Amino acid sequence: MGEGGSKARQVAQMLKTATSLWGDVRAEELSVPAISQADYYRLACHLLFECQRCGTCCRTGDPIRLLPEDAQALSRHLKLPLSRASKKYLSRDEKSLIFKKVRPCRFFDPSVSGCRIYPARPHSCRIFPFLGVYGGDERVTLHASCPGSVEAVRSLRDAMEGLNEETDPEKVRAARRWFDQVLASL
Ligand code: SF4
Ligand code: SF4
């Protein structure tokens, strides 16, 4: 098994363990997870995701949302005062800050199919394609136009095959903590 396969197996095992004892009476011994079962699947997919630099998301994503700290990172990266960077590049819709011009994103460089502000790209670009939504939604959204996402789901599905439900609450607790740390590190 290659490095990718063994990583997939490791992540799949953690996922299987973290989502074991879900709704089971023994789960009373466990703290209630802050995130849904689907979120654990999303995190596992995110961990296995490798961007294939096709550029589709940067050409077609609209709107591209930003957190306030993304605006600060952009201003630092471009060495522009925040007010100037905001005036030039940012706008706001009813939900959040957004990039002014999209389709393609003005920071997309077609010559290398890459991002010109990669170290300062917004959080929404960092967590694409799996982690835009937390909680409640019981489905992982597969972006068929994103080859990296299709491959991540395929490798996770293959690696999950034959894994058994974990019955030891302490192991389940440890696996959920592991995913909590992954989430906190995003
Ligand atoms: S669509 Fe997916 S694989 Fe293509 S550049 Fe975007 S994230 Fe990477
Ligand atoms: S900021 Fe970079 S990663 Fe995000 S959409 Fe634009 S080019 Fe793509």
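Taking region 74-97 as the region of interest, how many residues are more than 24 Å from the chain's Cα centre (by Cα) and farther than 18 Å from His123 by Cα?
7
Assuming Arg126 fulfils every condition listed in (1) outside any helix (DSSP H, G or I); (2) open to solvent by 50 Å² or more (accessible area, probe 1.4 Å) apart from one, which condition is it?
Status for Arg126: all satisfied but (1).
Filtering region 163-181 down to residues that are out of contact with any helix residue (DSSP H, G or I) (no Cβ under 8 Å at 6 or more places or on another chain) and either modelled with pLDDT of 95 or more or under 15 Å from Asp39 (Cα atoms) (or both), which residue is least open to solvent (accessible area, probe 1.4 Å)?
My answer is Asp180.
Restricting the first residue to region 41-57 and requiring it to be farther than 30 Å from Thr19 by Cα, which pairs with a second residue that is open to solvent by 40 Å² or more (accessible area, probe 1.4 Å) and modelled with pLDDT of 95 or more meet a Cβ separation below 7 Å and a spacing of at least six or different chains?
Note: pairs meeting the criteria are Cys54/Pro147.
For region 85-122, which residues satisfy the criterion of being within 16 Å of ligand 1 (Cβ to nearest atom) and of a type in the set (A, V, I, L, M, F, W, C)?
The answer is Phe99, Val102, Cys105, Phe107, Phe108, Val112, Cys115, Ile117.
Kindly establish whether Lys101 is more than 30 Å from Lys7 (Cα to Cα), within 14 Å of ligand 2 (Cβ to nearest atom), of a type outside the set (S, T, N, Q) and open to solvent by 30 Å² or more (accessible area, probe 1.4 Å).
Numbers: more than 30 Å from Lys7 (Cα to Cα): yes; within 14 Å of ligand 2 (Cβ to nearest atom): yes; of a type outside the set (S, T, N, Q): yes; open to solvent by 30 Å² or more (accessible area, probe 1.4 Å): yes.
Judged against the criteria, Lys101 is a match.
Just to be sure I understand the filter: pairs with C-beta atoms under 9 Å, separated by 6 or more residues or on different chains, first member in region 69-88 and surrounded by fewer than 14 Cβ atoms within 10 Å (Cβ to Cβ), second member hydroxyl-bearing (Ser, Thr, Tyr). Which pairs pass?
Once the first residue is surrounded by fewer than 14 Cβ atoms within 10 Å (Cβ to Cβ) and sits in region 69-88, its partners that are hydroxyl-bearing (Ser, Thr, Tyr) give Pro81/Ser75; Ser83/Ser75; Arg84/Ser75.
The values are calculated or read from the model by the stated rules, or taken from the named source; none is laboratory data. Here the structure is a predicted model, which means the values were calculated and not measured. Cβ coordinates were reconstructed from backbone atoms using ideal geometry, including for glycine residues, and neighbour counts include every protein chain displayed. In case anyone asks, the SASA skips ligands and DNA or RNA and just uses the protein heavy atoms, side chains included. Shrake-Rupley method; radii C 1.70, N 1.55, O 1.52, S 1.80 Å.
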